[in-house]
Amino acid sequence: MIRRGLPLILVTALFAAVASAQTKLTVDHAWARATPGAATIGAVYFVIANPTGSADRVIAISSPIAERAEIHEHFLDGDVMRMRQMPSVEIGPGQTVAFKPGGLHLMLINLKQPLRQGDRFPLTVKLDKAGDIHVEVTVLSVGAKGPSS
């Protein structure tokens, strides 16, 4: 009896593992622009996907290469483009949120070292429900518009 039920148990466990892997938030395509000269501020961009059935929020971001990290957004105020800090970012169920140049982005404040093209550094995205997601950021050229992939 146990031998007959074992394949069913294994298949059920496999489907549960696949379903679980598809119901976690992900942070992909993390990149930064190289910093010019003695700049002490850098910007990071990435995409957060929420394939789950419930909303979550980015509540903090950190990296050991900067004193602090702040979520910012660009917005048009009349004819002037401005930037403001955001305390958190909501990611609805099934939603993808892009941190990109000219929009929502991450500012690294008081960099401990310059960001040089080709370098990589760790970044931790803290979500209210899903917890921490650790990613590696790739530094592209000063004028980069995003990863080519």
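Could you say which residue among T35, T40, T52 is of a type in the set (S, T, Y) and either modelled with pLDDT under 90 or more than 27 Å from Q113 (Cα to Cα) (or both)? Don't jump to the end; show me each part of the working.
On the way: T35 fails: either modelled with pLDDT under 90 or more than 27 Å from Q113 (Cα to Cα) (or both); T40 fails: either modelled with pLDDT under 90 or more than 27 Å from Q113 (Cα to Cα) (or both).
One residue alone meets the criteria, T52.
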Filtering region 29-59 down to residues that are among the small types (G, A, S) and more than 18 Å from G103 (Cα to Cα) yields A34, G37, A38, A39, G53, S54, A55
Of the residues P101, P64, which single one is touching a Lys or Arg at 6+ places or on another chain (Cβ under 8 Å), modelled with pLDDT of 95 or more, part of a loop (DSSP other than H, G, I, E, B) and not polar (S, T, N, Q)? P64
Scanning region 74-98 for residues that are out of contact with any Lys or Arg (no Cβ under 6 Å at 6 or more places or on another chain) and among the small types (G, A, S) gives G78, G92, G94, A98
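The values are calculated or read from the model by the stated rules, or taken from the named source; none is laboratory data. Bear in mind that the values here come from a model prediction, so they are computed numbers and not experimental data. A quick note on method: Cβ atoms are made from the backbone with ideal geometry, for glycine too, and the neighbour counts reach across all protein chains shown.
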